[in-house]
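**Student:** Before we start, here is the structure in question, set down as structure tokens.
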């Protein structure tokens with residue numbers, strides 16, 4: 001068996017930071033307070049372009065593809081040390097990873113972050129030292145596209161029926177379905193009725209794995 005982890009919103013508390021940056025970028029590109037922080041935070045788990053598409057319809061903004069690309073580009077440019085330092089691992093996330101290593105349970109991280117984003121956060125979070133990392137080379141491979149999960153399964157040299165994907169978003173769940181692997185939801189009550197298991201936070205998942213680790217060997 002093996003566990004494949006999402007990163008944003010699953011292992012690290014990055015969603016508020018991303019929401020803040022999207023707010024700043026939309027204020028600059030389409031006008032101050034065109035989008036409320038409440039709307040952004042409620043939909044930040046969607047890929048950025050999808051979320052902006054929802055906002056365009058909801059608020060009748062008529063956003064063009066070019067405007068959405070400009071917002072995403074500006075948000076990425078503002079994703080600097082000032083904001084990255086706000087991001088931390090959720091309680092027990094590092095304990096869970098250490099436990100998996102000690103018990104020799106196969107695992108990796110599969111994230112929609114591209115190389116540039118990962119290179120920005122790695123000096124502060126040391127993601128590459130924790131596990132093998134599979135990421136998305138282009139927007140077209142973002143979840144619910146199963147690309148990163150399929151790549152992780154291949155890298156871990158396991159069968160799909162032996163894999164669990166841990167995520168915090170409905171797109172994570174849909175990606176696991178598209179990949180044909182089991183899904184464990186965390187950190188998002190909307191996932192309670194989806195997938196194979198749900199835990200309110202990473203600490204709860206850690207306690208479960210610690211008690212039942214033989215099931216993951």
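The values are calculated or read from the model by the stated rules, or taken from the named source; none is laboratory data. Just so we're clear, the structure is a prediction, and the values are computed from it rather than from any experiment. Reconstructed Cβ throughout: ideal geometry from the backbone, glycine too, with neighbour counts over all protein chains shown.
**Student:** Whether any residue in the range 10-20 is within 29 Å of residue 184 (Cα to Cα), assigned to a loop (DSSP other than H, G, I, E, B) and out of contact with any strand residue (DSSP E or B) (no Cβ under 6 Å at 6 or more places or on another chain) is what I want to check.
**Tutor:** Within the range 10-20 (the criterion being within 29 Å of residue 184 (Cα to Cα), assigned to a loop (DSSP other than H, G, I, E, B) and out of contact with any strand residue (DSSP E or B) (no Cβ under 6 Å at 6 or more places or on another chain)), the answer is yes, since at least one residue qualifies.
**Student:** If I filter the range 147-159 for residues that are crowded, with 20+ Cβ neighbours inside 10 Å and more than 26 Å from residue 104 (Cα to Cα), do I get at least one hit?
**Tutor:** Checked the range 147-159: no residue is crowded, with 20+ Cβ neighbours inside 10 Å and more than 26 Å from residue 104 (Cα to Cα).
**Student:** Condition check: surrounded by fewer than 20 Cβ atoms within 10 Å (Cβ to Cβ) and touching a helix residue (DSSP H, G or I) at 6+ places or on another chain (Cβ under 8 Å). Does residue 144 satisfy that?
**Tutor:** For residue 144, the condition - surrounded by fewer than 20 Cβ atoms within 10 Å (Cβ to Cβ) and touching a helix residue (DSSP H, G or I) at 6+ places or on another chain (Cβ under 8 Å) - is met.
**Student:** I've got another one for you. Please find, among 121, 184, the residue that is more than 23 Å from residue 1 (Cβ to Cβ) and either touching a helix residue (DSSP H, G or I) at 6+ places or on another chain (Cβ under 6 Å) or not assigned by TED's automatic domain parsing to the domain that holds residue 49 (or both).
**Tutor:** Of 121, 184, the one residue that is more than 23 Å from residue 1 (Cβ to Cβ) and either touching a helix residue (DSSP H, G or I) at 6+ places or on another chain (Cβ under 6 Å) or not assigned by TED's automatic domain parsing to the domain that holds residue 49 (or both) is 121.
**Student:** Taking into account only those residues within the range 120-154 that are under 18 Å from residue 176 (Cβ atoms), out of contact with any strand residue (DSSP E or B) (no Cβ under 6 Å at 6 or more places or on another chain) and in a helix (DSSP H, G or I), which is modelled with the lowest pLDDT?
**Tutor:** Result: 141.
**Student:** If you scan the range 197-217, which residues turn out to be in contact (Cβ under 8 Å) with a residue 60 or more places away in the chain, in contact with a strand residue (DSSP E or B) (Cβ under 8 Å, 6 or more places away or on another chain) and not in a helix (DSSP H, G or I)?
**Tutor:** If the condition is that a residue be in contact (Cβ under 8 Å) with a residue 60 or more places away in the chain, in contact with a strand residue (DSSP E or B) (Cβ under 8 Å, 6 or more places away or on another chain) and not in a helix (DSSP H, G or I), then 201 is the only one that fits.
**Student:** Name, by its number, the condition in (1) touching a residue at least 60 places away in the same chain (Cβ under 8 Å); (2) not in a helix (DSSP H, G or I) that does not hold for residue 83.
**Tutor:** With (1) touching a residue at least 60 places away in the same chain (Cβ under 8 Å); (2) not in a helix (DSSP H, G or I) applied to residue 83, the lone miss is (2).
**Student:** Out of the range 188-205, which residues are closer than 17 Å to residue 13 by Cα, out of contact with any helix residue (DSSP H, G or I) (no Cβ under 6 Å at 6 or more places or on another chain) and surrounded by fewer than 24 Cβ atoms within 10 Å (Cβ to Cβ)?
**Tutor:** Within the range 188-205, 188, 189, 200, 201, 203, 204 qualify.
**Student:** Picking from 93, 131, 110, 34, which residue would you name as being in contact (Cβ under 8 Å) with a residue 12 or more places away in the chain and not assigned by TED's automatic domain parsing to the domain that holds residue 155?
**Tutor:** Among 93, 131, 110, 34, only 34 is in contact (Cβ under 8 Å) with a residue 12 or more places away in the chain and not assigned by TED's automatic domain parsing to the domain that holds residue 155.
**Student:** Please go through the range 33-64 and give me each residue that is outside any helix (DSSP H, G or I) and under 19 Å from residue 12 (Cβ atoms), ordered by number.
**Tutor:** Passing the criteria: 44, 45, 46, 47.
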